[in-house]
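What follows is a single structure, written as structure tokens, with notes after it.
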Amino acid sequence: MSTADNNFSDATAIASSVSNIANVLAHDFNNILTGILGNLELLQRRASKQGISEFDSYLANTRSAASRGVALTQRLITIAGLQILEPTALNTPSFIASLEASLTTILGSQLHLIIDCPATTHDLYCDAYKLEGSLADIAKYASKAAENSTPVTLKASNFSIENTSNSAHNIPPGDYVAISLQYQHQASATDFNAGLELATIQGFARQSAGQAFLDTHQPDRTTISLVLPTAPS
């Protein structure tokens with residue numbers, strides 16, 4: 001298993017540790033950063049009206065730093081399971097097909113995307129926008145960890161859990177859809193931000209009444225899966 005994949009193995013511990021802190025601090029940090037950005041905007045407007053431009057670069061750099069802080073705070077909110085979700089029923093084959101162009105772009109020219117989503121795959125019930133973002137994050141991760149000139153398979157399939165005894169899935173019995181991205185990982189790949197990124201994905205899955213998993217049992221192969229509930233009948 002590559003160094004980058006080890007980061008995903010630690011995602012559960014990261015999510016558990018960070019969620020307790022994020023639950024208390026994330027919204028406060030977000031409010032503080034929103035205030036900073038608002039005042040920077042007012043300062044920029046006043047400087048422009050008075051024809052003062054010598055501080056433009058400093059204001060731009062400060063605004064950029066504050067914006068990165070907002071993005072990080074949003075990740076903490078997701079890990080803590082505090083983000084606002086708007087779940088809807090999604091036709092899984094149509095949804096997966098709609099992502100082909102964007103995921104191909106994220107993976108880059110060195111990786112070949114293969115989509116495997118049978119027409120019989122059940123409808124999903126989750127936030128479409130957040131799911132698209134999570135799959136994009138997984139694709140970004142794969143683009144760093146996958147061996148060049150190899151296929152990356154995006155697969156969706158029906159998945160059922162009949163009981164939770166002796167199960168490592170940690171989700172209730174029921175019908176789910178498993179969406180996975182499988183690739184051949186590099187012998188050595190390091191991404192120091194991967195732990196937080198993948199903990200964010202796991203936070204979304206858990207808040208959606210599902211789970212995220214890593215499978216490295218096959219030699220040189222890594223599979224990252226999101227297991228999400230099917231739409232109510």
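The values are calculated or read from the model by the stated rules, or taken from the named source; none is laboratory data. Just so we're clear, the structure is a prediction, and the values are computed from it rather than from any experiment. All Cβ positions, glycine included, derive from the backbone under ideal geometry; neighbour counts span all protein chains shown.
Values as computed for the structure displayed
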| read-out | value |
| --- | --- |
| Sole residue being without any contact (Cβ under 8 Å) to a residue 60 or more places away in the chain and among the aliphatic types (A, V, I, L, M), chosen from 124, 131, 103, 135 | 103 |
| Qualifying helices (runs of 4 or more DSSP H) (wholly inside the range 43-148; at least 3 residues being assigned by TED's automatic domain parsing to the domain that holds residue 202 and basic (Lys, Arg)) | 128-145 |
| All positions within the range 206-224 that are crowded, with 21+ Cβ neighbours inside 10 Å and out of contact with any Cys (no Cβ under 7 Å at 6 or more places or on another chain) | 210, 212, 222, 224 |
| Test: residue 153 is in contact with a Phe, Trp or Tyr (Cβ under 9 Å, 6 or more places away or on another chain), in a strand (DSSP E or B) and of a type in the set (Ser, Thr, Tyr) | yes |
| Answer from 162, 132 - the residue that is within 20 Å of the chain's Cα centre (by Cα) and of a type in the set (Asp, Glu) | 132 |
